[in-house]
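The structure appears right after this line, and notes come after that.
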């Protein structure tokens, strides 16, 4: 009788991750189908399961932009903005809402996927990636009125539009870093979720969403630029509107901060990863 015992048996051993352990990109490539499946789940929950999902993606930035435009008109304030103010405000709001919504969802992604994390093995860093990718659909939908405004006012982007994907990737990196850091920290302290939400609210008023740096006293501008989203927002608008000089130094600072936060966030996430199942 022929022996059918395999010559070599492979054993898969899953060990607790180390914060300073090796990072294997090929592992994430092998689990790419799971990542896309979770992204599709999020998109479906946002738009297919909500009858007015697309309406909610548009009405929030539009309503706030209209209110601030009316306030500017009635007050006669000098905003130092050369583009139509409604278009200026709306472009900042859709980008800011993508940043804040995605950051909060990324920070809470581990708790959201607790049922999956506790049952099967997969690279845990996949969970914070999901809202970053799925919310791009909402950003794209919210950008449709902006494109209509730009066509109406005949405001065409310049060559800096080519830098738009790079600026968006930098923003996604910043979201990923902050999200992974707070996903790790909030496992032990839920109060930090409220702190992050409060910081996102404050950030709306110090990230050049409603104004340009020229409205701020010159001595206070360096303090304003310490916020990495200020340089990112300026770069976003420079890519969209021709005539806005690309803020090379400010955006370079935002890029450096984003990379640093990603490293800190990933280290904190991998350090906390070993105890996720026990604490969820």
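Taken as a whole, the stretch 177-186 holds no residue that is out of contact with any strand residue (DSSP E or B) (no Cβ under 6 Å at 6 or more places or on another chain), more than 16 Å from residue 95 (Cβ to Cβ), loosely packed, with under 14 Cβ neighbours inside 10 Å and touching a residue at least 60 places away in the same chain (Cβ under 8 Å). Out of all the residues in the stretch 155-173, is one or more under 25 Å from residue 56 (Cβ atoms), buried (at least 19 other Cβ atoms within 10 Å of the Cβ) and within 14 Å of the chain's Cα centre (by Cα)? Yes, there is a match, as at least one residue in the stretch 155-173 is under 25 Å from residue 56 (Cβ atoms), buried (at least 19 other Cβ atoms within 10 Å of the Cβ) and within 14 Å of the chain's Cα centre (by Cα). For the stretch 42-57, filtering for residues that are more than 18 Å from the chain's Cα centre (by Cα) and either at pLDDT 85 or above or part of a helix (DSSP H, G or I) (or both) leaves 8.
Residue-wise test of (1) free of Cβ contacts under 8 Å to residues at least 60 places away in the same chain; (2) part of a helix (DSSP H, G or I); (3) within 25 Å of residue 69 (Cα to Cα); (4) in contact with a helix residue (DSSP H, G or I) (Cβ under 6 Å, 6 or more places away or on another chain).
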| site | (1), (2), (3), (4) |
| --- | --- |
| 192 | yes, yes, no, yes |
| 196 | no, yes, no, yes |
| 211 | no, no, yes, no |
| 219 | yes, yes, no, no |
| 226 | yes, no, no, no |
| 236 | no, yes, yes, yes |
| 242 | no, no, yes, no |
| 255 | no, yes, no, yes |
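The values are calculated or read from the model by the stated rules, or taken from the named source; none is laboratory data. Just so it is clear, the structure is predicted and the values come from calculations on it, not from any experiment. A quick note on method: Cβ atoms are made from the backbone with ideal geometry, for glycine too, and the neighbour counts reach across all protein chains shown.
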